[in-house]
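Peer 1: This is the structure, below, for whatever I ask next.
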Amino acid sequence: MSFEFLAPDSAVAFEGAMPPLRSPVEWVHRDGSASYAERAGWRLVADYGDPAGEAAACQSSVGVADLSHLGKLEIQGEAEAVSGIVASLAEGSVSLGQATLSHGVWWCPITPRRTLAVTPPEATARVRGELEAATADAAFISVCEQTTSFGSNAVVGPLARETFARSTALDMRPDVFVEGAFAPASVARIPGMVLRVGTDSFLHLFGSGYANYVWSVFVDAAEHLGGRAVGVDALSGEARLDA
Amino acid sequence: MSRLPPRPGERLNRDRPIAFTFDGRTVQALEGDTVGSALAADGQQVLSRSFKYHRPRGLMCCSGKCPNCLVDVDGWPGVRACTEPVREGMKVEHMNARPSLRFDVMRATDHFGKPFTPPGFYYKTFIRPRRLWPLYEKVLRNAAGLGRLVGRQRKREWRTEYRRRHADVLVIGGGTAGMAAALRAAELGADVTLVDEGPELGGDLLASEHSEEAREMGVRVGDAGVEVLSGAAALGFFDGIVPVWAGSTLHQIRARAHVAATGSIEQPLLFEGNDLPGVMLCSGAERLAGLYGVTPGKVAVVATTADRGLESALALSEAGVEIAAIADARADGPGRELSERVVRAGIEFHTGTAVVRALGRGRVTGAVVAELDADGRWIEDTERGIDCDLVAVSGGTVPATSLLLQAGAKARWDEAAGAYLPDEPPPGIYVAGAVAGYGSPEAVLASGAVAGAEAALSIGLGGEDDRARLEADRATLSETRHSVDETVPAAASGAARGHGRCFACLCEDVTADDISYAIEEGFDSLELLKRYTTVTMGPCQGRMCQLPAARKVAQDTGTSVAEVGLTTARPPWSTVPLGVLAGRPFEPAKRSAVHGRQRELGGNVMWAGDWRRPYDYGDPEGETMAVHESAGLIDVSTLGKLMVRGPEAAAFLNRLYPNRFDTLKPGRIRYGVLGDDAGRITDDGTICRLDDDSFYVTTTSSGADAVESWFAWWLADWQMDVHLTDVSQGLAAFNLAGPLSREIISGLTDLDCSNEAFTYLDGKRAHVAGVPCLLLRIGFVGELGYELHCPAALAEHLWDSIAAAGEPHGIRPFGLEPQRVLRLQKLHILVGQDTDAESNPLEAAMPWIVKLDKEEDFIGRWALESVQERGEENMLVGFTVSNGAVPVEGAAVVVADGPVGRVTSSRFSPRLKKTIGMAWVPVALAEDGASITLADNGRRLDAKVQTTPFYDPDQERLRG
């Protein structure tokens, strides 16, 4: 039996249309002034009615954007085997605490035996295929689709660290949490993972069931600091994890 | 009091007037004033009434340390007027006085209440007759306390939050030593945070002739990249976390190294009337004049035990205060240079003398000075009265060691300093400035630089040059005169004579006589004395009174202060509002991917574990009947879902569960009950075999995390070839149930859903409405049904598609409440409701699930074998109630002797039109038709036991 039932990109057309893919907080934004766009089958918030203001927030204070559509694939197995597979696909090794960016894919080591690949949505199926091919002959390595298990937010701007500081004790100082740093951490009292993708750009991953809760916590903190919720169009390509 | 001409270094902006009210009266202030300084300039000398005796109190320390100026500001009680900046329109009111500050009826306790309120009166008076205690309690509660809180508050009105901050070096204290430490550490490359209680850096120097230098140094600190938190009080030391309160934020600061430059606290002197308005600390008088341009008095008597008192007298004289006399308790007095300066200033001063009494009613009008003998006691017949309106006192200084002691440092009595100094600070903590016993400006500065360098070097910053420089600085420091040139302040000069009181603790109105009295009663250690008299337990937390109390204990017990010791230092070091400690309320809640749709459909959403779930959609009975008559759709996305994969996956599950999974064929489902080592039920769910090496395990919603942890724990122990992946939140799940469910789903999928092709307990993969799904044909609610598991991102589309397809058939969404009724009809357990920590599957009427003939061991096997051997004692059974009454869940099952069991679930079934339930009963009663009695809130209900499902016992509808 295949595990297609785990993969959102395994949907097929129904009554002439592809079923839309929705982030776990997509329903929240319907109440406001959000403008939606479609990307790789996902319904995303392009902006909240103020694209210039949202882009400015990412430059001068902080913007919080829903990036739950990013693909997530979990590789699990013996440490040496996992690191070997990841090194070959990432064209570079990963070590605990430091993720590697390769061809738009962030390879994030959660534990020595477990790595999470975070992909642009257009690349998820390809990377999954590459992983399955790479692990086909490997002794007991499993690849599991986790795209919808994790919600993810981009937190971007000079006040991004201050925003995180309202809900996590993770040391995110620039010299400590360098670019590419990746750490599991308690954020807003729930388990999460934080990845630094740029100078002042961070990706926060968390259980998708908590997405609405995390969104409200972070947007509240951002607004209190003079920032705001932003659509994906306000983000740079780097922060958006464009392919 | 009145305004002085503009002074260098003052905080005022004389071009910006500000008006506020005090007890309804408008007060004109200037920008930069505090409430206390503005009131002083306005001539308001009495600011509060003391805690117990309601004695008038006025400004004393002007630095937020004493309790004398606590006021209510805009409804917030307990605000220190001497540090609270004025704001336009603020409403300031007195506390602890009725009907007014000027005339307080409770002052009667001072005049007449002594017999009723001795030290520890709560253990002696207001006890008998016991029946009057409720009255005593009411009277005492109304009389006690400082300030009033709002009686009722509908919602939080004050936003507070936590801010987590990491730093290389945290410097606590923004005086010279702290600034020097911060600069030096920053110079070595450290990321430094400096916190200081005051509104600006500079500490005590700001009120002196060196204020400009202090401010300039503060600018350099900012330019060096140090993060400065002003108005920020460090509250304690918690295993490396220092919480700091500033405004609406609690900064949780985690630093790799710490420098404590917390300074020292000037101490009052003990004499009769030492709490009168007009008695001030020398430093307080200097601050009032230097920072706020208010003259603290016209004519002053200065009482001191050290050079700083004389320095203060000179400063006050320069500010225009006439110094009538200086009473220096030291027999030898000051050094020559200082003596000459005092003489040149025309100030009369006497060595070996002390103020023994302050005169006045409601404010100082004079002071009595007397000579002291060699033991520091005043000599009778040497008293001399001096007219004055200000008594400025300096009883030495006490290092502010509380934070250091909380961090683990020891307190060492230093005879020369006449104080406890910190000793043996733990690794990573460095001490600088007055708190370390350094007194001269040069030593304070050098000690700060040394501490800052030590802190930075200790965490690997700096290089060999910096180490060499540190050694040189240390050498300089050791050569610098740093001992605090103070004599041991005289203890209270004899018993109070006449009618005056001599206060050792201003906060709690504890007099020197009270301390002696308590010691006579046997409370002769400082810790006992504290608890008995409450000395040091007030708003100042011992800043003003711990050392004087310790000296009094030493004096009365004939021991030394070193032997007396200090009380245990505990947080918070400064008073802090509870709202700050509470921070932002975080209430994590999980919501399914179709939560928005549930709300649109009118779901009554409530908590179910850590999920928000709809209990019903407004019509639980109708929803229940829809499942029986057509179809219902429920969101069960909250179920735990685990992928268990690997060549040993079957063996792994065999060890965890009491039943077998190695015999489960791919594409088939089996119910599983998870147990612990003692054979007790901890969770249940279904296990679907996806292929030879892969299983899909579901758990209860609230047990998901615990089951995942349990699985992971045993996997780590057994080291089996198994991978475990939690997909609980990644997959949505819906249960479509009812006689028309097959028809509905068939229209959405190419899968053959006939009973022959898709039998009960089959698991199949298919696209439904274009959505990739795992379909499980199971039946928790007792009707033909399918559980569809799909990626959460497609859940809303799937839900909408099923709802649309089912609309012509009368489909209805149903919630948790109808589900509870439906499952109860089938006698399906809810773990945690129908079971508890003692329940095993044998007694929970599931003997078929326990395979004791399995070859391999499994968790809880020995316990279940034991139960089987001894036989069941209690059983979980169903019951019906004939008269339709619904017993409360938890009602007792009773026999003549008393309770023998309990009801776990009970509902009225609209389908069966009778009350049904489940209960634990003794095994003797666990037979069909047995009569049991339920005791429920005073009523008795007759019930009949039923051990088979109430509805469709042969499962014809379920398997059809």
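Peer 1: Of all residues in the range B:636-646, count the ones that are assigned to a loop (DSSP other than H, G, I, E, B), at pLDDT 95 or above and of a type outside the set (S, T, N, Q).
Peer 2: Final tally of qualifying residues: 2.
Peer 1: Identify, please: which residue in the range A:24-59 is under 18 Å from residue B:770 (Cα atoms) and in contact (Cβ under 8 Å) with a residue 40 or more places away in the chain and is, among those, farthest from the other protein chains (Cβ to nearest Cβ)?
Peer 2: By that ranking, first place goes to A:40.
Peer 1: Filter the range B:140-189 down to the residues that are within 13 Å of chain A (Cβ to nearest Cβ), within 27 Å of the chain's Cα centre (by Cα) and part of a loop (DSSP other than H, G, I, E, B) and list them by number.
Peer 2: The answer is B:159, B:160.
Peer 1: Only one of A:171, A:137 is within 14 Å of chain B (Cβ to nearest Cβ) and either surrounded by fewer than 20 Cβ atoms within 10 Å (Cβ to Cβ) or touching a Phe, Trp or Tyr at 6+ places or on another chain (Cβ under 7 Å) (or both); which?
Peer 2: A:171
Peer 1: Would you please list the contacts, defined by Cβ atoms under 6 Å and residues six or more apart or on different chains, that run from a residue in the range B:869-891 that is of a type in the set (Val, Ile, Thr) to a residue that is not in a strand (DSSP E or B)?
Peer 2: Correct list of pairs: B:877/B:926; B:877/B:947.
Peer 1: Among (1) closer than 19 Å to residue B:730 by Cβ; (2) surrounded by fewer than 22 Cβ atoms within 10 Å (Cβ to Cβ); (3) touching a Leu at 6+ places or on another chain (Cβ under 9 Å), where does residue A:204 come up short?
Peer 2: Result: residue A:204 passes all but (2).
Peer 1: Oh, and also: Among the residues of the range B:709-728, how many are under 20 Å from residue A:139 (Cα atoms) and polar (S, T, N, Q)?
Peer 2: 2
Peer 1: Would you list the strands (runs of 3 or more DSSP E) that sit entirely within the range B:856-960 and hold 3 or more residues that are modelled with pLDDT of 95 or more and under 30 Å from residue B:655 (Cβ atoms)?
Peer 2: The qualifying strands (runs of 3 or more DSSP E) are B:874-881.
Peer 1: Working carefully through the options B:657, B:696, B:617, find the one that is at negative phi, modelled with pLDDT of 95 or more, of a type outside the set (Asp, Glu) and surrounded by fewer than 20 Cβ atoms within 10 Å (Cβ to Cβ).
Peer 2: Details: B:657 fails: surrounded by fewer than 20 Cβ atoms within 10 Å (Cβ to Cβ); B:696 fails: surrounded by fewer than 20 Cβ atoms within 10 Å (Cβ to Cβ).
Matching residue, one of B:657, B:696, B:617: B:617.
Peer 1: Any residue that is out of contact with any His (no Cβ under 9 Å at 6 or more places or on another chain), touching a residue at least 60 places away in the same chain (Cβ under 8 Å), of a type in the set (Ser, Thr, Tyr) and surrounded by fewer than 21 Cβ atoms within 10 Å (Cβ to Cβ) - is there at least one of those in the range B:11-21?
Peer 2: Yes, some residue in the range B:11-21 is out of contact with any His (no Cβ under 9 Å at 6 or more places or on another chain), touching a residue at least 60 places away in the same chain (Cβ under 8 Å), of a type in the set (Ser, Thr, Tyr) and surrounded by fewer than 21 Cβ atoms within 10 Å (Cβ to Cβ).
Peer 1: Right, another one. Cβ-Cβ below 6 Å, separation at least six or inter-chain, first residue in the range B:574-600 and within 7 Å of chain A (Cβ to nearest Cβ) and free of Cβ contacts under 8 Å to residues at least 12 places away in the same chain, second of a type outside the set (S, T, N, Q) and buried (at least 20 other Cβ atoms within 10 Å of the Cβ): which pairs?
Peer 2: Final answer for the pair search is B:586/A:188.
Peer 1: What's the number of the condition residue A:26 fails, among (1) crowded, with 20+ Cβ neighbours inside 10 Å; (2) in contact with a Ser or Thr (Cβ under 8 Å, 6 or more places away or on another chain); (3) among the acidic types (Asp, Glu)?
Peer 2: Residue A:26 satisfies all of (1) crowded, with 20+ Cβ neighbours inside 10 Å; (2) in contact with a Ser or Thr (Cβ under 8 Å, 6 or more places away or on another chain); (3) among the acidic types (Asp, Glu) except (2).
Peer 1: Here is a follow-up. Looking at (1) out of contact with any strand residue (DSSP E or B) (no Cβ under 9 Å at 6 or more places or on another chain); (2) over 25 Å from residue B:285 (Cβ atoms); (3) surrounded by 21 or more Cβ atoms within 10 Å (Cβ to Cβ), can you tell me which one residue B:114 breaks?
Peer 2: (3)
Peer 1: Which residues, counting only those in the range B:1-31, are part of a loop (DSSP other than H, G, I, E, B) and small (Gly, Ala, Ser)?
Peer 2: Within the range B:1-31, B:2, B:9, B:24 qualify.
Peer 1: Could you list, ordered by first residue, the pairs with Cβ atoms under 6 Å in which the first is in the range B:509-525 and within 15 Å of residue B:122 (Cα to Cα) and of a type in the set (A, V, I, L, M) and the second is at pLDDT 90 or above and part of a loop (DSSP other than H, G, I, E, B), at least 6 apart or interchain?
Peer 2: Going by the 6 Å Cβ cut-off, the qualifying pairs are B:510/B:535.
Peer 1: Now for a different question. In the set A:115, A:124, which member is closer than 22 Å to residue B:728 by Cβ and assigned to a helix (DSSP H, G or I)?
Peer 2: Criteria check complete, one pass: A:124.
Peer 1: Given the conditions (1) assigned to a loop (DSSP other than H, G, I, E, B); (2) crowded, with 23+ Cβ neighbours inside 10 Å; (3) away from chain A (no Cβ under 11 Å), and given that residue B:734 satisfies all but one, which numbered condition is not satisfied?
Peer 2: (1)
Peer 1: When you look at residue A:90, is it farther than 19 Å from residue B:727 by Cα and out of contact with any Gly (no Cβ under 7 Å at 6 or more places or on another chain), yes or no?
Peer 2: Values: farther than 19 Å from residue B:727 by Cα: yes; out of contact with any Gly (no Cβ under 7 Å at 6 or more places or on another chain): yes.
Against the criterion (farther than 19 Å from residue B:727 by Cα and out of contact with any Gly (no Cβ under 7 Å at 6 or more places or on another chain)), residue A:90 qualifies.
Peer 1: In addition: Listed residues B:193, B:249, B:262; which is of a type in the set (Ser, Thr, Tyr), under 25 Å from residue B:569 (Cβ atoms) and more than 14 Å from every other protein chain (Cβ to nearest Cβ)? Quick ask: steps written out before the conclusion?
Peer 2: Details: B:193 fails: more than 14 Å from every other protein chain (Cβ to nearest Cβ); B:249 fails: more than 14 Å from every other protein chain (Cβ to nearest Cβ).
None of the others qualify; the one that does is B:262.
Peer 1: Does any residue of the range B:80-88 turn out to be among the charged types (D, E, K, R), free of Cβ contacts under 8 Å to residues at least 12 places away in the same chain and surrounded by fewer than 19 Cβ atoms within 10 Å (Cβ to Cβ)?
Peer 2: Going through the range B:80-88, the residues among the charged types (D, E, K, R) turn out to be B:80, B:84, B:87-88.
Subsequent filtering for residues that are free of Cβ contacts under 8 Å to residues at least 12 places away in the same chain retains none.
For the range B:80-88, residues among the charged types (D, E, K, R), free of Cβ contacts under 8 Å to residues at least 12 places away in the same chain and surrounded by fewer than 19 Cβ atoms within 10 Å (Cβ to Cβ): absent.
Peer 1: Quick check, is residue A:87 more than 14 Å from every other protein chain (Cβ to nearest Cβ), within 19 Å of the chain's Cα centre (by Cα) and either more than 28 Å from residue A:109 (Cα to Cα) or modelled with pLDDT under 95 (or both)?
Peer 2: No: the conditions fail for residue A:87.
Peer 1: Here is a follow-up. Just to verify a result, which residue in the range B:551-592, among those that are out of contact with any strand residue (DSSP E or B) (no Cβ under 7 Å at 6 or more places or on another chain) and of a type in the set (A, V, I, L, M), is nearest to residue A:221 (Cα to Cα)?
Peer 2: Of everything passing the filter in the range B:551-592, B:582 is nearest to residue A:221 (Cα to Cα).
Peer 1: In the range A:57-114, how many residues are under 19 Å from residue B:646 (Cβ atoms) and of a type in the set (Asp, Glu)?
Peer 2: Summing the residues that are under 19 Å from residue B:646 (Cβ atoms) and of a type in the set (Asp, Glu) in the range A:57-114 gives 3.
Peer 1: Does the range A:5-44 hold any residues that are of a type in the set (D, E, K, R), within 25 Å of residue B:789 (Cβ to Cβ) and part of a strand (DSSP E or B), and which are they?
Peer 2: Within the range A:5-44, A:22, A:43 meet the criteria.
Peer 1: Go through the range B:259-276 and give me each residue that's out of contact with any helix residue (DSSP H, G or I) (no Cβ under 7 Å at 6 or more places or on another chain) and part of a strand (DSSP E or B).
Peer 2: Matches in the range B:259-276: B:265, B:272.
Peer 1: Restricting attention to the range A:171-197, which residues are among the hydrophobic types (A, V, I, L, M, F, W, C) and assigned to a strand (DSSP E or B)? Steps first, answer last, please.
Peer 2: Going through the range A:171-197, the residues among the hydrophobic types (A, V, I, L, M, F, W, C) turn out to be A:172, A:176-178, A:181-183, A:185, A:187-188, A:190, A:193-195, A:197.
A:181, A:182, A:183, A:185, A:187, A:190, A:193, A:194, A:195, listed by residue number.
Peer 1: Still on this structure, I have one more. Would you confirm whether any residue within the range A:102-121 is over 22 Å from residue A:185 (Cα atoms), surrounded by fewer than 23 Cβ atoms within 10 Å (Cβ to Cβ) and within 14 Å of chain B (Cβ to nearest Cβ)?
Peer 2: Scanning the range A:102-121, I find at least one residue that is over 22 Å from residue A:185 (Cα atoms), surrounded by fewer than 23 Cβ atoms within 10 Å (Cβ to Cβ) and within 14 Å of chain B (Cβ to nearest Cβ), so the answer is yes.
Peer 1: When you look at residue A:226, is it on the phi > 0 side of the Ramachandran plot and either acidic (Asp, Glu) or assigned to a loop (DSSP other than H, G, I, E, B) (or both), yes or no?
Peer 2: Criteria met by residue A:226.
The values are calculated or read from the model by the stated rules, or taken from the named source; none is laboratory data. What you see is a predicted model; the values in this text were computed from it and never measured. No Cβ is skipped: glycine too gets one built from the backbone with ideal geometry, and neighbour counts run over all protein chains shown.
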